Amino acid sequence: MLFLTEIILTFLLLAILISGMCLRQVQQGQYGFAMSCISLILIIIYLMIQPIHHQSIPGWTVDSLSQYMKLFATIASLYIMITSRSTIKQLSIKTFEFYVLLLASLLGVFVVASAKNFLVLFVGLELIALPLYAMIALFNKRQAYEAALKYFILGAMASGILLFGIALMFGINGHIDFMFSNISDNIDIKLKMLAVLLILIGLLMKLGFAPFHYWVPDVFEGAPIPMVMLIATLPKFAYVSAIMRLSFEGMLSISILPNVIVVLSLLSILIGNLGALSQTSLKRLLGYSSIAHMGFMLLALNPGVQNFVPIFYLIMYTITSILVFSNTMFLSKGNELDEMISYQGLYEKQPLFAMMYLISFFSLAGIPPLGGFMAKLNVFYILLTQAENSTWLYTAATLAMLFAVIGTAYYIRFIRIIYFESQNKTQYQRLSSSQTILLVIPASLILLFGILPGLLIEISQNAILITS
């Protein structure tokens, strides 16, 4: 069945919600966590054993890209749910509602991953966003309310721009599918370019792409760490999936749009890295870092060509982000340590925490032999391969390399604070054996995919093997 994955998740979501409401409030949190984990495990098993065949109906498609994106998003959701459980309990929020809303947002990712027209795409994007707004506000703090409001306002602006582009596209083509009608008139081509550009801007705003990035540092700083980890990873599988599908359909190849994407990618890398240089807040630093990494990821996008590198980069960024935020949650346990000065001398007190930060930050900086280095190397390889017939892409690759060098400064600065600055009086939590395992798994994957990148390359290539 074309909708079987979504039907399973919807049924489990409603079953958990209805049955959980019958329990006492003190039991709801533990019940919601257990049932949500079981639901995600069942979906992961189904997606792994189900053979991938291309099936499509108007507005909906099931292919390798959609199924792999659903699998990656489900695994990330399960890991986030497990790692953030203790922190969520200590923050005194309604944990049951948190898990239900997380499943609802995941359902939105599933819808976007299979969307084949703009109406389904818009419904999926809103299904992702609305639970996220509510989840941030569940944390009863003024900063969380402010972050939720900023996220909502900017998300509404992005949706408005996206809808304007969709309406213009419908007016030109007479339909809302991801394809162009055969119209060669010069005016229509310009209108098409404008429509696609508006749709692309709407998606890039949600992705946190410069110069539409203003919400990212503020939301990262104001939202609690479990929500920051969720915002930094889960929705990106949907947004990247939508952009890649538009690219595969040739909608991003019209006129000067490929050059616009390259320019915006370089601008995102530059603004993200420059913005992070002066930060003293760890979460704001990671927010600007996210802006830069989104630029690198879409820099590898080759409009009209099925390219695995954005998927490779997204997976590596997700694994590394989960490691960073999990490490921070375990270190602080509800009492957030956001100021970078709080981490002075961490190596002397908690060397394992310091080692996890070292691996994750060096991977984000693109230092070998870690997975982040291979991700950036693939981006530059794709750029230089495309540049055979374009001097402009050589220039873009050179600029991206220079901007990447700028980015290493703030990563190394944080590592210097941890390892080489004097010890402060901050009290850190000790790792339990289960938390150690939860940190070692992503750290091992970062090392594994850095030394043996062929494993992840093969997975990424399989994700676009059967794509319409």
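The values are calculated or read from the model by the stated rules, or taken from the named source; none is laboratory data. This is a predicted model, so every value here is computed, not measured. For neighbour counting, all protein chains shown are included, and Cβ atoms are generated from backbone atoms with ideal geometry for every residue, glycine included.
Based on this model, can you work out whether Leu298 counts as farther than 24 Å from Thr87 by Cβ and modelled with pLDDT under 90? Full working, then the answer.
Working: farther than 24 Å from Thr87 by Cβ: yes; modelled with pLDDT under 90: yes.
Here the answer is yes, as Leu298 does meet what is asked.
Would you mind stating whether Ser434 is more than 24 Å from Asn273 (Cβ to Cβ), of a type in the set (Ser, Thr, Tyr) and out of contact with any strand residue (DSSP E or B) (no Cβ under 6 Å at 6 or more places or on another chain)?
Values: more than 24 Å from Asn273 (Cβ to Cβ): yes; of a type in the set (Ser, Thr, Tyr): yes; out of contact with any strand residue (DSSP E or B) (no Cβ under 6 Å at 6 or more places or on another chain): yes.
Considered against the rule, which asks whether it is more than 24 Å from Asn273 (Cβ to Cβ), of a type in the set (Ser, Thr, Tyr) and out of contact with any strand residue (DSSP E or B) (no Cβ under 6 Å at 6 or more places or on another chain), Ser434 comes out as yes.
Could you list, in sequence order, the residues of the range 332-345 that are surrounded by fewer than 23 Cβ atoms within 10 Å (Cβ to Cβ) and either in a helix (DSSP H, G or I) or touching a Gly at 6+ places or on another chain (Cβ under 6 Å) (or both)?
Looking only at the range 332-345, we keep the residues that are surrounded by fewer than 23 Cβ atoms within 10 Å (Cβ to Cβ), and these are 332-342, 344-345.
Those that are surrounded by fewer than 23 Cβ atoms within 10 Å (Cβ to Cβ) and either in a helix (DSSP H, G or I) or touching a Gly at 6+ places or on another chain (Cβ under 6 Å) (or both): Ser332, Met340, Ile341, Ser342.
Pick from the range 161-187 the residues that are part of a helix (DSSP H, G or I) and either modelled with pLDDT under 80 or of a type in the set (S, T, N, Q) (or both): which of them is farthest from Glu126 (Cα to Cα)? Before the answer, list the steps.
To start, the set of residues in the range 161-187 that are part of a helix (DSSP H, G or I) comprises 161-173, 186-187.
Now drop any that are not either modelled with pLDDT under 80 or of a type in the set (S, T, N, Q) (or both), which leaves 173, 186-187.
Numbers: Asn173: 24, Asn186: 34, Ile187: 32 Å.
My answer is Asn186.
I need the full set of residues from the range 228-256 which are modelled with pLDDT of 90 or more and either closer than 19 Å to Ala156 by Cβ or of a type outside the set (A, V, I, L, M) (or both), in order please.
Within the range 228-256, Ile231, Thr233, Pro235, Lys236, Phe237, Ala238, Tyr239, Ser241, Ala242 qualify.
Please work out which one of (1) among the polar types (S, T, N, Q); (2) free of Cβ contacts under 8 Å to residues at least 12 places away in the same chain; (3) closer than 28 Å to Ser114 by Cβ is the condition Gln27 fails and give its number.
Only one criterion is unmet by Gln27, namely (3).
Would you confirm whether or not the range 37-50 contains a residue that is out of contact with any strand residue (DSSP E or B) (no Cβ under 7 Å at 6 or more places or on another chain), more than 23 Å from Ser434 (Cα to Cα), at pLDDT below 85 and among the polar types (S, T, N, Q)?
Yes: one or more hits.
Kindly list, by first and then second residue, each pair from a residue in the range 188-217 that is part of a loop (DSSP other than H, G, I, E, B) to a residue that is of a type in the set (Val, Ile, Thr) and buried (at least 24 other Cβ atoms within 10 Å of the Cβ), limited to pairs with Cβ atoms under 6 Å and residues at least 6 apart or on different chains.
Filtered contacts from the range 188-217: Gly208/Val216; Gly208/Ile291; Ala210/Ile291; His213/Ile291.
Hey, can you tell me all the residues within the range 213-244 that are in contact with a Phe, Trp or Tyr (Cβ under 7 Å, 6 or more places away or on another chain) and over 14 Å from Ile322 (Cβ atoms)?
Trp215, Pro217, Val219, Pro224
Exactly one of (1) at pLDDT below 90; (2) farther than 30 Å from Arg142 by Cα is unmet by Leu91. Its number?
(2)
Condition check ((1) at pLDDT below 90; (2) among the hydroxyl-bearing types (Ser, Thr, Tyr); (3) surrounded by fewer than 21 Cβ atoms within 10 Å (Cβ to Cβ)) across all residues:
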position	(1), (2), (3)
Ser360	no, yes, no
Lys376	no, no, no
Trp392	yes, no, yes
Gly407	yes, no, no
Tyr411	no, yes, no
Gln435	yes, no, yes
Leu439	no, no, no
Ile451	no, no, yes
Leu456	no, no, no
